[in-house]
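To keep things clear, I will list the structure first and then write my remarks on it.
Just so it is clear, none of the values below were taken in a lab; they were calculated from the coordinates. As the structure is a prediction and not an experimental result, all values here were calculated from the model. Heads up, the Cβs are rebuilt from the backbone with ideal geometry, glycines too, and the neighbour counts pull from every protein chain shown.
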Amino acid sequence: MIIILLLWEISTIAFHVDSKVLPSFTDILSAFQNKFIPIILPDLLITMKNLVLGYVIAVPLGILIAAICAQSQTLVKIATPLIIMTLVTPVIIIVPILIPFIGFDAKIKVLVVILQTAPIIILNSLVGFTNVKQEKLDLMKSYGASRFEIFRKITFMDALPRVFAGLELGCILSTIGAVSGDIAVGDGGIGTRIQMAASTLATDTVFASILSTCLLAIILFQVVVWIERNVIAWK
Amino acid sequence: MEMTKTKPFITLEHVNKEFVTKNKTTRALSDVSLEVSKGEFLVIVGASGCGKSTIIRLIDDIIKPTSGTIQVDGFEYDNTKPISKDFISRMGFVFQIPNLYPWLTVRENLLLPLKLLNINTKEHVEYAEYLLDMVHLQNYAGAYPNEISGGMAQRLGVIRAMVHKPEILMMDEPYGALDELTREQMDIELLDLWKQLGTTIIFITHDVEEAVLVGSRIYVMKSDPGRIVADVPIEFGTNRTINNKFTHQFSVYCDQITELIGEIDLSKIK
Ligand SMILES: Nc1ncnc2c1ncn2[C@@H]1O[C@H](COP(=O)(O)OP(=O)(O)OP(=O)(O)O)[C@@H](O)[C@H]1O
Ligand SMILES: [Mg+2]
């Protein structure tokens, strides 16, 4: 990491790269220092609000959808390709379709985050819910446990590590969703800031904004990892 | 033990079980009929895949037969719906693998049956502690399953099936993963418990010596299709000790059983 940063720094200076094309790393750091509080932070907060809101909705929604799909093998077979389709489709494409219904609202950005995040949570949870060892379920059956009881006490618990894998990937995807929502909808947020800075060739601001967004994603990710460590105490 | 010819406690009549998978249909059990008396220590032996586990999974109502009838204590199972919780609480089942839930501690795993069956008398909780003690797990009660050894896990799997004091205990190769010495010790402890409690036991193993040591009667099974080929009473009486192993009669039984099982391999070679 340090070597890459050093190479970057040296090459931008040595080859006299135009800072509008690729600013040196120190340029970016100084932009980060100078512009973070007055320019980047307000936009980042807007994005963060949509991101967190969308994520917090996507988590229970995704797990719930996966839990419903897991109840039938046919449903699993139908749902899986659909989930992969929504994962592959860039959510930005859907935004113009949604705008007539919802308008240029912050709601639409939250929706983009949900659409970007939920599928990966559904996919991972579904794999977890449908791969519980048969004996673990048989044991519950041998004490006459109900289907709901088996799901709640065994299937869900057994799938938890897998569900968390989905939640962690979800952190990354929801950040992508929040930024692309800004870009597609405009109206503030770090994505809009990046777009504006790029069009005015304020490349250092572009990079500093991207850096701040990355930091946000990393922090979110670490929070979820921390929760996982506390929830899955038996590992 | 003298076979008293009373009404059998557990009966299977003309039971067939087929497993249909994508590639093929397996006849796991073909026209299996058997009887187990109350208080009997029945052993089922046979090569891998002959349907041993399938028999006890049917009796424990984990799976339903393709055809045939199953009766326990005069009650005939309905092949379309699960038996009642009260009825199922009369049985305990030890799985071929320890089958512990990794998110529950040793004690929580042990107490799970009581929770599921809504049993919460002081007597049962005390019995749970007694069982923990018996298999030397009292110091690991708060540990998670991945913190205990394979042998400990297997012992926990066994006492978990006993914790609600079932009348019928089904054990699917319970000590398969233990070394021979520990296994013998566990077998003797199981015999003590059986004598003390009068539980009806159906015990599965592929170890002939173990079968003759613990069983009061042995069913020998063969595969393709899974069926019972012999019913061998073991006349050692209830006072079984490890010393039985060194008697002439013991090796006669072992040879007899081995021969009955061994025929399978011959027919497969042909
Ligand atoms: N759920 C299932 N689906 C398909 N086939 C099955 C299933 N359960 C058992 N079988 C098949 O039924 C046959 C009998 O299985 P079973 O588990 O009763 O054998 P077993 O005598 O217990 O063998 P082992 O000593 O290896 O445990 C085997 O051929 C097995 O492959
Ligand atoms: Mg088996």
As I understand it, the value is the acute angle between the Cα axis of helix A:2-14 and the longest principal axis of the Cα atoms of chain A; what does it come to in degrees, rounded to 10?
30 degrees
Okay, helix-only estimate at 222 nm for chain A: each DSSP H run of n ≥ 4 adds -39500 (n - 2.57), divide by all residues, round to 500 deg cm²/dmol; what do you get?
-26500 deg cm²/dmol
Zone residues, region B:122-148, relative to residue B:182, backbone N less than 13 Å from point 7 Å out along Cα-to-Cβ
B:135-137, B:148
Helix A:73-88: inclination vs chain A longest Cα principal axis, degrees, rounded to 10, gives 0 degrees
Need one value for A:214-225: mean number of C-beta atoms belonging to other chains within 10 Å of its residues' C-beta atoms.
0
Summarise the partner chain shielding of A:131-143 as one whole number: the mean count of Cβ atoms from other chains within 10 Å of each residue's Cβ.
6
With the dipole of region A:22-231 defined by +1 on each Lys or Arg Cβ and -1 on each Asp or Glu Cβ, the option from A:40, A:161, A:104 whose Cα lies farthest towards the positive pole is A:161
Modelled label-to-label distance, residue B:48 and residue B:129, 7 Å Cα→beta-carbon offset: nm?
4.3 nm
Between the residues A:146, A:234, B:203, the Cα farthest towards the positive end of the dipole of the protein assembly as shown, that dipole coming from +1 and -1 charges on the beta-carbon of Lys, Arg, Asp and Glu, is from A:146
Count neighbours as other Cβ atoms within 10 Å of each site's Cβ, and list the trypsin sites (Lys or Arg not before Pro) in region A:14-118 that are DSSP loop with at most 14 such neighbours.
A:20
So if we plug the beta-carbon distance of residue B:7 and residue B:249 into 1/(1 + (r/R0)^6) with R0 = 35 Å, what FRET efficiency do we get, rounded to 0.05?
0.70
Evaluate E = 1/(1 + (r/R0)^6) for residue B:115 and residue B:141, where r is the Cβ-Cβ distance and R0 equals 22 Å; express this FRET efficiency to the nearest 0.05.
0.90
Nothing charged except the Cβ atoms of Lys and Arg (+1) and of Asp and Glu (-1): what's the magnitude of the dipole of chain B about its Cα centre? Round to the nearest 20 debye.
780 debye
Towards the positive end of the charge dipole of region B:1-104, with charges on Cβ (+1 Lys, Arg; -1 Asp, Glu), say which of B:84, B:15, B:96 has the farthest Cα.
B:96
Dipole magnitude of region A:22-231 about its Cα centre (Cβ charges: Lys, Arg +1; Asp, Glu -1), debye to nearest 20
600 debye
Could you calculate the FRET efficiency of residue B:192 with residue A:88 from 1/(1 + (r/R0)^6), where r is the beta carbon distance between them and R0 is 56 Å, rounded to 0.05?
0.35
Counting only C-alpha contacts under 8 Å and six or more residues apart, can you give the relative contact order of chain A as a whole percent?
28 percent
For chain A, longest principal axis from Cα atoms; helix A:91-102 axis from its Cα atoms; angle between them, nearest 10 degrees, is 80 degrees
So, in nm, how far is label residue A:68 from label residue A:199 when the simple model puts each one 7 Å beyond its Cα toward the Cβ?
4.0 nm
